[in-house]
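Engineer: Have a look at the structure that comes next, please.
The values are calculated or read from the model by the stated rules, or taken from the named source; none is laboratory data. Computed from a predicted structure; not experimentally measured. Note that we place each Cβ from the backbone using ideal geometry, even for glycine, and neighbour counts take in every protein chain shown. Ligands, DNA and RNA are stripped out before the accessible areas are found, and what is left, the full protein with its side chains, is counted by its heavy atoms. Shrake-Rupley method; radii C 1.70, N 1.55, O 1.52, S 1.80 Å.
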Amino acid sequence: MRRVCYLLLFLSCQFVAVGQIVLEDWQFKTGDDSSWADPSFDDSEWARIKANVLYENQGYDYNGYSWYRIRFELPSSMREASYLQDSLRIFLGRVDDIDETYLNGIRIGGIGTFPSADGRGAVGFYDKIRRYVLPWDHQAINWDGDNVIAVRVYDGGGGGGLWGGMPSVGMVDLIDFIEMNIEISGFEQGPDNHYIKKIQLTNSNAEPIEGTLTLEVRDREGARVDQVAVELSIPPAEVQIQSLHFRQIDHAKVSYVFEEKHTGKRLSDFQYTPYILTPPEKLEPTITTPSVYGARPGNQFQWRVSATGARPMTFGAEDLPNGLVLDQETGIIRGRVMAVGDYRVAIHATNSHGRATKVVTLKIGDKIALTPPMGWNSWNAWGMLVSDEKVRESVDGLVSSGLINHGWTYINIDDGWQGERNDDGVIETNDKFPNISALGDYVHDLGLKFGIYSSPGEMSCGGLVGSLGHELQDVRTWASWGVDYIKYDWCSYSDYLLEEFGRNQSTWTITDQVLPFRDIADAIDSTDRNIILSVANWGMNDAWEWGDQTRGQLWRTTGDIEDNWESVSSIGFSQEEPNRYSSPGGWSDPDMLVVGWLGWGENQHQSRLTPAEQYAHISLWALLSAPMMIGCDLSKIDPFTYNLLANHRVNAINQDALGASARVIYHEDDVMIWSKFLETGERAIGVFNLRNEDRDLTFPWSVFGVEKPQHVFDAWRHVDIDQDEDFRSRIVAHGVELLVLR
């Protein structure tokens, strides 16, 4: 029998509560056959797979249909021991992207729409919980006998399969009517070195539910350092928010348990408290601008010199090419350069505490985006609810937080701004954007750059107007608004290829996939703006191999990223091959950053990545020379998120002028080491602990490609590290050490 675990009373088993059967190890097969739902089907030759882990992380680089199957016994004693006794719950966690679930051959539920025979109609819900409830006497249930769950899955791209919660079977009980939300607040600073944590409990039952809410804090060694418990009675259909105070400990594990009074059944969750590695910024100037910048001859030129340090600050420049002027108060350089060439310019930043100088090279030629674009995109925070007001709030947050002084430049509106076309075919904005030209001016006045979104199909991913047949017209409209960046999202172009040419993804040619992006690139060339083109085709058909043929400056290598370790690790650690095609002016793009307050719409929450996972996320994107697009609500930048985004030594690894991408030089025993050559001749090294536990790691320096380094620098902490005979470090679960070796 597959590994399942049944708990009656208080026997222990990983991942499950009292009175449940956990369904961890399944049989798995790619493809699609309706007979696989039959409980009598022999699946013994199928592969074994774990639930709660995307199947890409288990060796399946696959998009399309697949099936999961599992057998288990269902004792009637489980029902008899329950408090309510009336319903059975089958919990599958989340499914990426679409599921259809069978119990003993009878369909009991499904979420999403499978693609139809003509290739249309797939609608996925990768983030929705699959929880199917049946009356205890449902015909599909076989009490005191064998049962088979079969799950038909369709993955449209990116991650795939069962994830986001360990599947289980159990009786519905009072605890199932309680929802505990620990994401409504972060760890707020309270008095006397205490955190304040808000926890929301919702009772959807018709009767009050009583229980105990306990918060427990354990340090990195596992010792309990604080505990708080409150007795609660939650009225029917009511939401309660509890504010609990506890000792402020960096990188502590905070566990939350609600135990229902009558049954003893529990809801539990946990988080880690943040810890800040980036040192405070110095009062004297530090120029954070990369050492190279590209623009096209004769085009409008705008570039903001970024620098940290006390304000007021004045800026200067020596040997600016003809046609450019620097504003000494803002550091913004504007104008036009007509002559092709490389111009070495000495930039100065001066305040009352000192003066900094950096020599940069302005390359006027046919290439732009000579370092990976850094900025902000609205999608992960607002989704289709983006508005003029929300964009301005994020612009203001970028400025007031100080992130603007670290080279974060682009302010990009994703899907959700489009209105209809007027009688002349000109695209207009919807009511949420009453004056988009004025919004562009607001962005440009700060020395920032302005981005927009569209699709080569008739409709965007959100169902709004696309650019099919209006490419030149749209680009010239956007240029009139001051657009500097276009994200061009594949979306409904699949429908166009099917309707016009009868081709689906398996028969698309490279020309089919390159042409719509090249059309928009040609339209960009007709303007006098240095507009970056982001090719958002989700990495389909190994897009990195021909991405440069689109004439875009970056191309997606993957589906959409999510704020969980499975998504970030599966995407990030699979980029070595795509990044072989990455270089200055053309970057492989593993999608946006998932740190800070996210939401993809109405309900925002702090990133579900642990603090260590967020350090690993930023470090890996820096090593990969990946485009760095912040996806969070910039009006809610907290000290921890600022520390992630405002470390100029980490950002410099990403913005290094050489434009090299890291390579894997070691991958054994759940440790990955990535190495990246820098313009200075140094190496940036990332040592990643992939295990779910802290580890003491020791390696000879030869693993890093050196006999013994002359100098070892910790890029996060900005400290030199003693060069022992070996590299030694304690790295937290899913954490990283990011070093620069000379």
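Engineer: Within the stretch 42-83, work out how many residues are in contact with a helix residue (DSSP H, G or I) (Cβ under 8 Å, 6 or more places away or on another chain) and in contact (Cβ under 8 Å) with a residue 40 or more places away in the chain.
Structural biologist: Restricting attention to the stretch 42-83, the residues satisfying the condition of being in contact with a helix residue (DSSP H, G or I) (Cβ under 8 Å, 6 or more places away or on another chain) are 43, 49-50, 53-54, 56-57, 62, 66-67, 69, 83.
Filter once more, keeping what is in contact (Cβ under 8 Å) with a residue 40 or more places away in the chain: 49, 53-54, 56-57, 62, 66-67, 69, 83.
The qualifying residues number 10.
Engineer: Applying the selection to the stretch 363-374, what residues are surrounded by fewer than 23 Cβ atoms within 10 Å (Cβ to Cβ) and within 17 Å of L644 (Cβ to Cβ)?
Structural biologist: Listed by number, the list holds a single entry, M374.
Engineer: Taking the conditions exactly as written (closer than 29 Å to K282 by Cα, surrounded by fewer than 19 Cβ atoms within 10 Å (Cβ to Cβ) and of a type in the set (D, E, K, R)), does E420 satisfy them or not?
Structural biologist: Judged against the criteria, E420 is not a match.
Engineer: When both residues are 6+ apart or on different chains and their Cβ atoms are under 6 Å apart, which pairs have a first residue that lies in the stretch 710-726 and is assigned to a strand (DSSP E or B), and a second that is acidic (D, E)?
Structural biologist: F713/D720
Engineer: For the stretch 48-70, what are the residues that are open to solvent by 40 Å² or more (accessible area, probe 1.4 Å) and not acidic (D, E)?
Structural biologist: R48, K50, V53, N57, Q58, G59, Y60, Y62, N63, Y65
Engineer: In the list T308, T314, which residue meets the criterion of being touching a residue at least 24 places away in the same chain (Cβ under 8 Å), open to solvent by less than 60 Å² (accessible area, probe 1.4 Å), on the phi < 0 side of the Ramachandran plot and of a type in the set (S, T, N, Q)?
Structural biologist: Numbers: T314 fails: open to solvent by less than 60 Å² (accessible area, probe 1.4 Å).
Within the list T308, T314, the selection yields T308.
Engineer: Which of (1) in contact with a helix residue (DSSP H, G or I) (Cβ under 9 Å, 6 or more places away or on another chain); (2) within 19 Å of Y493 (Cα to Cα) does S534 not meet, given it meets every other one?
Structural biologist: Evaluating S534 over (1) in contact with a helix residue (DSSP H, G or I) (Cβ under 9 Å, 6 or more places away or on another chain); (2) within 19 Å of Y493 (Cα to Cα) leaves (1) as the failure.
Engineer: In the stretch 275-287, what residues are under 30 Å from the mean Cα position of the chain (by Cα) and open to solvent by 30 Å² or more (accessible area, probe 1.4 Å)? Show your work before the answer.
Structural biologist: In the first step, residues of the stretch 275-287 are kept if they are under 30 Å from the mean Cα position of the chain (by Cα); the result is 275-281, 286-287.
Of everything in the stretch 275-287, those that are under 30 Å from the mean Cα position of the chain (by Cα) and open to solvent by 30 Å² or more (accessible area, probe 1.4 Å) turn out to be Y275, I276, L277, P279, P280, E281, T286.
Engineer: Just need a number here: residues in the stretch 669-718 that are aliphatic (A, V, I, L, M) and touching a helix residue (DSSP H, G or I) at 6+ places or on another chain (Cβ under 8 Å).
Structural biologist: The total comes to 6.
Engineer: Additional query: Return the only residue of G159, G222, G145 being closer than 30 Å to K253 by Cβ, small (G, A, S) and touching a residue at least 60 places away in the same chain (Cβ under 8 Å).
Structural biologist: Result of the check over G159, G222, G145: G159.
Engineer: Under the condition of being in a strand (DSSP E or B) and among the β-branched types (V, I, T), which residue from the stretch 171-217 is farthest from S268 (Cα to Cα)?
Structural biologist: By that ranking, first place goes to I196.
Residue-wise test of (1) assigned to a loop (DSSP other than H, G, I, E, B); (2) modelled with pLDDT of 95 or more; (3) among the polar types (S, T, N, Q); (4) out of contact with any Leu (no Cβ under 9 Å at 6 or more places or on another chain).
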residue: V53; (1), (2), (3), (4): yes, no, no, no
residue: R69; (1), (2), (3), (4): no, yes, no, yes
residue: D137; (1), (2), (3), (4): yes, yes, no, yes
residue: N142; (1), (2), (3), (4): yes, yes, yes, no
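Engineer: Among the residues of the stretch 615-628, are any open to solvent by 10 Å² or more (accessible area, probe 1.4 Å) and in contact with a Leu (Cβ under 8 Å, 6 or more places away or on another chain)?
Structural biologist: Within the stretch 615-628, none of the residues are open to solvent by 10 Å² or more (accessible area, probe 1.4 Å) and in contact with a Leu (Cβ under 8 Å, 6 or more places away or on another chain).
Engineer: Here's another thing I want to ask about it. Please go through the stretch 514-559 and pick out each residue that is under 23 Å from G64 (Cβ atoms), among the charged types (D, E, K, R) and either in a helix (DSSP H, G or I) or in contact with a Phe, Trp or Tyr (Cβ under 8 Å, 6 or more places away or on another chain) (or both).
Structural biologist: Within the stretch 514-559, E545, R556 meet the criteria.
Engineer: Moving on. Testing E679 on (1) under 20 Å from R742 (Cα atoms); (2) open to solvent by less than 30 Å² (accessible area, probe 1.4 Å), one condition comes back false. Which one is that?
Structural biologist: Looking at each condition in turn, E679 falls short on (2).
Engineer: Among the residues of the stretch 262-295, write down those that are within 26 Å of N193 (Cα to Cα) and part of a loop (DSSP other than H, G, I, E, B). I'd like the intermediate steps shown before the answer.
Structural biologist: Applying the first criterion (within 26 Å of N193 (Cα to Cα)) to the stretch 262-295 yields 268-282.
Correct list: T273, P274, Y275, I276, L277, T278, P279, P280, E281, K282.
Engineer: On to the next question. Does Y666 satisfy the criteria of being under 18 Å from the mean Cα position of the chain (by Cα) and either open to solvent by less than 10 Å² (accessible area, probe 1.4 Å) or free of Cβ contacts under 8 Å to residues at least 60 places away in the same chain (or both)?
Structural biologist: No: the conditions fail for Y666.
Engineer: Additional query: Looking at D176, D86, which is the one that is charged (D, E, K, R), touching a Lys or Arg at 6+ places or on another chain (Cβ under 7 Å), touching a residue at least 12 places away in the same chain (Cβ under 8 Å) and open to solvent by 20 Å² or more (accessible area, probe 1.4 Å)?
Structural biologist: Numbers: D86 fails: touching a Lys or Arg at 6+ places or on another chain (Cβ under 7 Å).
Unique residue meeting the criteria: D176.
Engineer: Which one of the conditions (1) modelled with pLDDT under 95; (2) closer than 29 Å to H406 by Cα does E725 fail to meet, given that it meets all the rest?
Structural biologist: Single failed check for E725: (2).
Engineer: Taking into account only those residues within the stretch 88-114 that are touching a strand residue (DSSP E or B) at 6+ places or on another chain (Cβ under 7 Å) and assigned to a loop (DSSP other than H, G, I, E, B), which is modelled with the highest pLDDT? Full working, then the answer.
Structural biologist: Just the residues of the stretch 88-114 that are touching a strand residue (DSSP E or B) at 6+ places or on another chain (Cβ under 7 Å), to begin with: 88-104, 107-114.
Subset that is assigned to a loop (DSSP other than H, G, I, E, B): 97, 104, 112, 114.
Working: D97: 90, N104: 98, G112: 95, F114: 93.
Here the residue is N104.
Engineer: Follow-up. Among all residue pairs at least 6 apart or on different chains, which show Cβ distances below 6 Å where the first residue, located in the stretch 556-574, is without any contact (Cβ under 8 Å) to a residue 60 or more places away in the chain and the second is among the aromatic types (F, W, Y) and open to solvent by 10 Å² or more (accessible area, probe 1.4 Å)?
Structural biologist: Once the first residue is without any contact (Cβ under 8 Å) to a residue 60 or more places away in the chain and sits in the stretch 556-574, its partners that are among the aromatic types (F, W, Y) and open to solvent by 10 Å² or more (accessible area, probe 1.4 Å) give R556/W538; T557/W544.
Engineer: Pairs please, first residue from the stretch 614-639 and in contact (Cβ under 8 Å) with a residue 40 or more places away in the chain and among the hydroxyl-bearing types (S, T, Y), second anywhere and assigned to a loop (DSSP other than H, G, I, E, B) and open to solvent by less than 10 Å² (accessible area, probe 1.4 Å), Cβ atoms under 9 Å, 6+ apart in sequence or on different chains.
Structural biologist: Between residues of the stretch 614-639 that are in contact (Cβ under 8 Å) with a residue 40 or more places away in the chain and among the hydroxyl-bearing types (S, T, Y) and residues that are assigned to a loop (DSSP other than H, G, I, E, B) and open to solvent by less than 10 Å² (accessible area, probe 1.4 Å), the close pairs are Y615/W716; Y615/G735; S619/A715; S619/W716; S625/P372; S625/G659; S625/A662.
Engineer: Now for a separate question. Which members of the stretch 511-537 meet the condition of being open to solvent by 30 Å² or more (accessible area, probe 1.4 Å) and polar (S, T, N, Q)?
Structural biologist: Across the stretch 511-537, the qualifying residues are T511, S526.
Engineer: Test each condition in (1) of a type in the set (G, A, S); (2) touching a strand residue (DSSP E or B) at 6+ places or on another chain (Cβ under 8 Å); (3) outside any loop (DSSP other than H, G, I, E, B) for S467 and report the one that comes out false.
Structural biologist: (3)
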